[in-house]
Amino acid sequence: GAAKTVPPIILGHEFSGIISETGKDAKSVKVGDRVCVDPNDMCGKCYYCRIGRKHFCENMIGIGTTINGGFAQYCKVSEKQVYKISDGISFEEAAMGEPVSCCLHGMDLAGVKAGDTVMIIGGGAIGQIMLQLAKISGASTIILIEPVKWKRELGYKLGADIAIDPIGENVEDKLRELEIEHIDVAIECVGLKNTMEDAIKYVSRGGTVMMFGLTDPECTIPLKPFDI
Ligand SMILES: [Zn+2]
């Protein structure tokens, strides 16, 4: 995938830490507070912000993408972008707040419901989060498509019912062999042309495809309007 980041910028948009200094007007946090960060700082003034679709903000500041982020000892963020975390949450867990939030939004849009068969394409961090959320949402069969063995094994541990290696195995043959005829929701978590096409190919009639992976901005895929 790709995201527009022009060097030199300190990357890191999924992070947490301890407040070491506050601005004079900061009220909601104090030095020593443990916090995680929402890296997407929306303007609150553009058309999209005003209609409640802030993720389309035309003036978004991205901490770790358009301004310096979390791969550093210190990082300056505005007060409204930090969320206090309880002592029971580790910094590692808190840093996952951002990707889990993104996945939750995707899940809400995909509408996974009890009894669904869900296919997750890609077993990276996002795919593994999606897999767990699909499980919590009540999916009865979760299929993970992932070429790397340890990621397939992790998928099984986290709730996948079937993990298929798309390089070593023929996915369609495998699904037929397992008598899986319908995929209600296909979630693409890779961001490549082929895997985007696969998500559309494997989902059943009337099913839902969630294109979650970030493709290269120039990537295009052929689509038959008749199929939609
Ligand atoms: Zn805006």
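The values are calculated or read from the model by the stated rules, or taken from the named source; none is laboratory data. All values derive from a computational prediction rather than experimental measurement. Cβ: placed from backbone, ideal geometry, glycine included. Neighbour counts: every protein chain shown. The protein model used for the area step is the full one, side chains on, heavy atoms only, and it has no ligands, DNA or RNA in it. Shrake-Rupley method; radii C 1.70, N 1.55, O 1.52, S 1.80 Å.
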(request) Could you look at the range 49-136 and say what percent of its accessible area is carbon and sulfur, using a 1.4 Å probe and all protein chains? (result) 58 percent
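Of LYS151/LYS174; LYS27/LYS84; LYS4/LYS193; LYS135/LYS174; LYS4/LYS27; LYS30/LYS80, which ones are farther than 23 Å apart at the Cα?
As for pairs spanning more than 23 Å Cα to Cα, those are LYS4/LYS27.
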(request) Could you work out the equivalent-ellipsoid semi-axes for the range 65-178, taking the square root of 5 times each eigenvalue of the Cα gyration tensor, largest first, in whole Å? (result) 33, 17, 12
(message) Using only the alpha-carbon atoms, how far is helix 125-136 inclined from the longest principal axis of the chain? Give it as 0 to 90 degrees, nearest 10.
(response) 70 degrees
(request) Take every Cα pair under 8 Å in the range 102-227 that's 6+ residues apart, average their separations, divide by the length, and report that relative contact order as a whole percent. (result) 24 percent
(request) Note down the relative contact order for the chain as a percent, whole number, built from C-alpha pairs under 8 angstrom at least six residues apart. (result) 17 percent
(message) Please list the three semi-axes, largest first and in whole Å, of the ellipsoid equivalent to the range 157-228, using sqrt of 5 times the eigenvalues of its alpha carbon gyration tensor.
(response) 21, 16, 12
(message) Please compute the per residue accessible area over the chain with all protein chains in place, 1.4 Å probe, rounded to a whole number of Å².
(response) 62 Å²
(message) Report for the range 16-95 the percent antiparallel among DSSP-assigned beta bridges with both residues inside it, nearest 5.
(response) 90 percent
(message) Applying a 10 Å radius around every beta-carbon, put 126-133, 220-227 in order of their mean neighbour count, most first.
(response) 126-133, 220-227
(request) Mind giving me the nanometre distance, one decimal, between the label points for ILE10 and ASP108, set 7 Å out from Cα along Cα→Cβ? (result) 3.1 nm
(request) Stick to Cα atoms and the Kirkwood definition of Rh, then tell me Rg/Rh for the range 16-95. (result) 1.00
(message) Would you calculate the convex hull of the Cα atoms in the chain and tell me its volume per residue in Å³?
(response) 163 Å³
